[in-house]
Amino acid sequence: MGMFTMKPIDEYDVIELLNNGRFEGDLYGYVLSDGGDLFGYTLFKIEDNTTVMLDSKTPDGKFSGQYLDGIIRASIAYGEARGAEYFSFNMNHLPFAEYKRIFFGDQPDRMKTSVIFSGCKHD
């Protein structure tokens, strides 16, 4: 894999294709690509002052966690730039459930965006 890019999905037909009728409402997305080759994405919505992370796909392998972390942060930043002060995860999506467990432990399902963008704290 060469130099990859991460960017919002501008074409709603791409969002509809990735969604495949699973989620309702106004959806947004981010893609990971290497040149013209799509190799990862997120789907999310912004509602009730919250960026709701719905679905993702990132490549397996050595850097899979970094790809997932990066695209989650980009998606939440997108929502924050549009007024969302909170974020949450679709806990039925295993990668998000695992991500939340590792990085946020017992925190509530709906968290302030400052939690993901502040430095790590250890007790």
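Things to note:
- Matching helices (runs of 4 or more DSSP H) fully within the range 49-123 where at least 2 residues are within 14 Å of the chain's Cα centre (by Cα), among the acidic types (D, E) and closer than 20 Å to K7 by Cβ: 64-81
- Within the range 50-101, the residues that satisfy the criterion of being under 19 Å from G40 (Cα atoms), in contact (Cβ under 8 Å) with a residue 24 or more places away in the chain and among the aliphatic types (A, V, I, L, M) are V52, M53, L54, L68, I71, I72, A74, I76, A77.
- Failed item, numbered, when Y30 is tested on (1) part of a helix (DSSP H, G or I); (2) hydroxyl-bearing (S, T, Y); (3) free of Cβ contacts under 8 Å to residues at least 60 places away in the same chain: (1)
- Among the residues making up the range 19-63, those that are more than 19 Å from G79 (Cα to Cα) and among the hydrophobic types (A, V, I, L, M, F, W, C) are L38, F39, F63.
- Among the residues listed as K57, K112, K100, the single one being out of contact with any helix residue (DSSP H, G or I) (no Cβ under 6 Å at 6 or more places or on another chain), open to solvent by less than 30 Å² (accessible area, probe 1.4 Å) and among the basic types (K, R): K100
- Check on L43, open to solvent by less than 50 Å² (accessible area, probe 1.4 Å), hydrophobic (A, V, I, L, M, F, W, C) and part of a helix (DSSP H, G or I): no
- Criterion: touching a strand residue (DSSP E or B) at 6+ places or on another chain (Cβ under 9 Å), on the phi > 0 side of the Ramachandran plot and either touching a residue at least 12 places away in the same chain (Cβ under 8 Å) or not polar (S, T, N, Q) (or both) - qualifying residue of G105, G35: G35
- Within the range 1-17, considering residues that are open to solvent by 30 Å² or more (accessible area, probe 1.4 Å) and part of a helix (DSSP H, G or I), the one farthest from S88 (Cα to Cα): D13
The values are calculated or read from the model by the stated rules, or taken from the named source; none is laboratory data. If you're wondering where the values come from, they're calculated on a predicted model, not measured in any experiment. We place every Cβ from the backbone using ideal geometry, glycine too, and count neighbours over all the protein chains shown. Calculation scope for accessible area: heavy atoms of the full protein, side chains included, ligands and nucleic acids excluded. Shrake-Rupley method; radii C 1.70, N 1.55, O 1.52, S 1.80 Å.
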